[in-house]
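The values are calculated or read from the model by the stated rules, or taken from the named source; none is laboratory data. Being a predicted model, the structure only gives us computed values, none of them experimental. A quick note on method: Cβ atoms are made from the backbone with ideal geometry, for glycine too, and the neighbour counts reach across all protein chains shown. Heads up: the accessible areas ignore ligands, DNA and RNA and are worked out on the full protein's heavy atoms, side chains in. Shrake-Rupley method; radii C 1.70, N 1.55, O 1.52, S 1.80 Å.
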Amino acid sequence: MCGLLGMLPSEATAATLVPAIERALPFMHHRGPDDSGTWHDDQMVFGFNRLSVIDISHSAQPLTWGPADEPERYTMTFNGEIYNYVELREELTALGYTFNTEGDGEPIVVGFHHWGPDAVKHLRGMFGIAIWDSVTKQLFLARDQFGIKPLFYATTAAGTAFSSEKKCVLELQPELGLDDGLDRRAVAHYVDLQYVPEPESLHASIRRLESGCYATLTPGNELKVTRWFTPTFPIKPVSDEQAVYNKIADTLTDSVAKHMRADVTVGSFLSGGIDSTAIAALAKRFNPDLMTFTTGFERDGFSEIDVAAESAEAIDAEHIVKVVNPDEFAEAVPRIMWYLDDPVADPALVPLYFVAAEARKHVKVVLSGEGADELFGGYTIYKEPISLAPFEKVPSPLLKGLHAVGKALPEGMRGKSLLLRGTTPIEDRYYGNARSFNTEQLLEVLPWASADMDHREVTAPIYAESKGWDPVARMQHLDLFTWLRGDILVKADKITMANSLELRVPFLDKAVFEVAQTLPTELKVSHGTTKYALRRALEQIVPPHVLHRRKLGFPVPIRHWLAGDELHDWAAKIIAESETDHLFDKQVVEKMLAEHHPTEKDNSRRLWTVLAFMVWHGIFVEKRIDPQIERKDYPVEL
């Protein structure tokens with residue numbers, strides 16, 4: 001595990017950039033407090049911060065390797081873990097290659113020499129990779145197929161910089177001649193969706209290498225980006241359902257076994273739902289002393305502490321709980337926004353931050369259940385195409401007429417919503433699992449925005465790739481490119497790494513996806529439930545009391561707190577002091593807060609979206625808010 005940073009200048013000698021890299025490295029010290037340093041030749045400079053997890057003593061970065069006649073040809077730094085590195089090492093050794101370490105990094109470089117860019121297709125893991133080929137003078141960058149690990153980059157006339165953290169690239173502004181202006185279209189997308197969609201960032205000059213992509217670069221040129229992984233859902237008929245359930249269980253077990261590979265203690269998050277409980281139960285098989293961690297709030301309906309504790313007891317795991325109160329919740333928000341780089345308007349970030357901090361006192365690595373819903377059909381909304389199936393038989397002209405009838409019906413009238421959704425194409429009605437503002441509301445809060453800046457600008461190209469697919473598969477595919485990589489995986493990576501804790505997600509494994517992608521709809525959403533095949537597969541793994549529980553995750557009572565004494569005044573102060581009048585109509589925002597009621601007029605989702613942005617803006621743009629990052633861990637002042 002490593003925070004990587006580097007720059008390939010267009011003309012300058014790389015050695016002259018070492019002080020700049022050293023200046024920027026502390027901004028991602030949390031990604032690797034165990035080791036830090038730089039490397040350079042005449043044209044390329046790398047920086048890294050390392051969290052030692054596998055082959056602690058011998059896998060220092062950057063890692064240099066080459067064949068016998070060119071022993072220092074390649075230099076690599078990478079952020080992540082490769083779980084099938086043992087098998088890759090055996091395969092490459094059989095092909096005649098030799099290795100100098102026992103870690104998971106060297107097989108990447110050796111594989112790159114043997115397979116070229118296609119080496120990434122052989123990796124089971126999470127990664128952001130940078131490899132410099134000193135012979136061809138080419139830089140190779142790559143991200144894992146789902147986007148578990150981040151990679152930002154910026155290109156100017158001075159060259160290209162790249163990093164696991166955007167703030168490190170921002171710190172290189174003098175050397176790059178970087179424009180630090182905001183991307184207003186990205187701002188609109190964030191306000192609409194609650195996250196900044198890839199490849200955008202809120203800074204117009206900084207982009208993200210997309211999930212499942214690699215890029216090549218030579219000095220003085222632009223990055224050439226290639227998509228190496230395109231998720232598809234080639235549904236196959238099933239003749240033996242039990243064989244499918246067994247296959248899912250066996251593949252997931254193998255994935256957890258490989259995700260447990262580490263030279264340090266591995267624990268597991270446990271929220272109380274089926275996904276995290278399944279991972280923890282399987283992890284217990286490979287670590288008899290497994291520790292599990294959960295968080296919650298002292299408010300009825302917003303805590304899974306009791307259920308998680310019951311699950312931990314059922315699998316005989318030591319269990320640790322962190323309870324979060326409103327004061328520490330509010331106090332942590334600026335720190336969390338600093339670690340995020342770009343805001344994510346998901347209040348669950350805050351309890352995750354605290355449970356990660358608690359876990360880091362005991363372990364260095366945790367497993368978690370992210371990705372199960374997208375792969376196996378776990379969201380309730382995935383059942384909608386079944387209820388709307390009769391509309392598919394209605395001729396198009398009649399559908400238009402029915403849609404007009406639906407629009408004319410009074411608000412709140414029974415059947416109106418069903419009629420409207422059934423007569424609306426999936427491309428227009430489903431935008432993923434997060435949307436804060438409809439188009440009308442978006443234009444009210446962002447007066448400068450235009451209607452074409454809404455979610456459809458993000459989702460239309462994705463839908464174009466899945467035309468003709470089963471509608472549930474289309475929704476899953478959309479979520480892989482939006483909600484999963486925009487919200488879930490950003491908060492999973494950024495918030496755990498904020499605490500120097502590595503989070504691993506066994507569901508988002510290459511082999512697990514290969515099983516899940518072929519499931520027919522009736523094995524995803526049927527029998528009145530979601531994730532049907534997964535639930536059947538886990539019957540012998542997960543305690544019965546959680547097998548059919550409704551998904552909660554780490555719920556946050558934000559709608560109650562914003563209406564009460566806990567956070568209302570805090571929110572009003574953020575709005576009043578924010579210097580974002582050029583972006584937001586603050587009168588509209590203030591009205592949202594004044595009218596907010598937890599049950600009668602719940603504006604909490606939209607309010608939190610704006611509040612998160614305002615805190616972020618106060619830190620990174622206004623530089624008015626001090627996120628209170630602990631300076632003692634950093635070699636230079638931040």
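Measuring only protein heavy atoms, the 1.4 Å probe finds Cys213 accessible over about 10 Å². What does the charge count near Pro9 come to, summing +1 for each Lys or Arg and -1 for each Asp or Glu among other residues with Cβ under 15 Å from its Cβ? Surrounding charge for Pro9 is -4. In this label model, Gln540 and Ala572 are separated by 6.0 nm, measuring between points 7 Å along each Cα→Cβ vector. For the stretch 336-387, trypsin sites (Lys or Arg not before Pro) are listed when DSSP marks them as loop and at most 15 other Cβ atoms sit within 10 Å of their Cβ; the list is Lys361.
DSSP bridge analysis restricted to the chain gives an antiparallel fraction near 80%, rounded to the nearest 5.
Lys623 accessible area, nearest 10 Å², 1.4 Å probe? Around 150 Å² of this residue is reachable by solvent. Restricting the stretch 435-515 to chymotrypsin sites (Phe, Trp or Tyr not before Pro) that sit in a DSSP loop and have at most 15 other Cβ atoms within 10 Å of their own Cβ leaves Trp448. Here the stretch 558-592 is scanned for amide nitrogen atoms under 16 Å from the site 7 Å beyond the Cα of Ala451 along Cα-to-Cβ, giving none.
Of the beta bridges in the stretch 222-335, as assigned by DSSP with both residues counted there, near 10 percent are antiparallel. Calculated FRET efficiency, Leu399 to Lys467, Cβ-Cβ distance, R0 = 25 Å: about 0.85 to the nearest 0.05. Computed from the C-beta positions of Asp626 and Thr599 and an R0 of 35 Å, the FRET efficiency is 0.45 to the nearest 0.05. The modelled label-to-label distance for the pair Ser239/Ile381, using points 7 Å beyond Cα in the direction of Cβ, is 3.8 nm. Total Lys pairs in the stretch 217-357 closer than 25 Å by alpha-carbon, pairs eight or more apart in sequence or interchain only? Close lysine pairs found across the stretch 217-357: 5. Quick one: with all protein chains in place, what share of the accessible area of the chain is carbon or sulfur, to the nearest percent (1.4 Å probe)? The computed percentage sits at 50. Among residues other than Leu503 with Cβ under 13 Å from its Cβ, the summed charge is +3 (Lys and Arg +1, Asp and Glu -1). Accessible surface calculations at 1.4 Å, restricted to protein heavy atoms, place the chain at 38 Å² per residue. Starting from the stretch 531-606, pick out the GluC sites (Glu not before Pro) whose DSSP state is loop and whose Cβ has at most 16 other Cβ atoms within 10 Å. Taking the stretch 531-606 and a limit of 16 other Cβ atoms within 10 Å, the loop GluC sites (Glu not before Pro) found are Glu539, Glu579, Glu600. Expressed as a whole percent, the proportion of Cα-Cα pairs in the stretch 405-514 lying more than 21 Å apart is 56%. In the assembled protein chains, Lys601 presents an accessible area of approximately 90 Å² (probe radius 1.4 Å).
Ignoring ligands, DNA and RNA, how do Ser276, Ser36 rank by accessible area with a 1.4 Å probe, largest first?
Details: Ser276 10, Ser36 65 Å².
The ordering from most to least exposed comes out as Ser36, Ser276.
Placing Lys393, Lys400 in order of accessible area, with the largest value first and a 1.4 Å probe, yields Lys393, Lys400. Report the relative contact order of the chain, percent, no decimals, based on alpha-carbon pairs under 8 angstrom and at least 6 residues apart. Taking the mean separation of contacting Cα pairs over the length of the chain, I get 16 percent.
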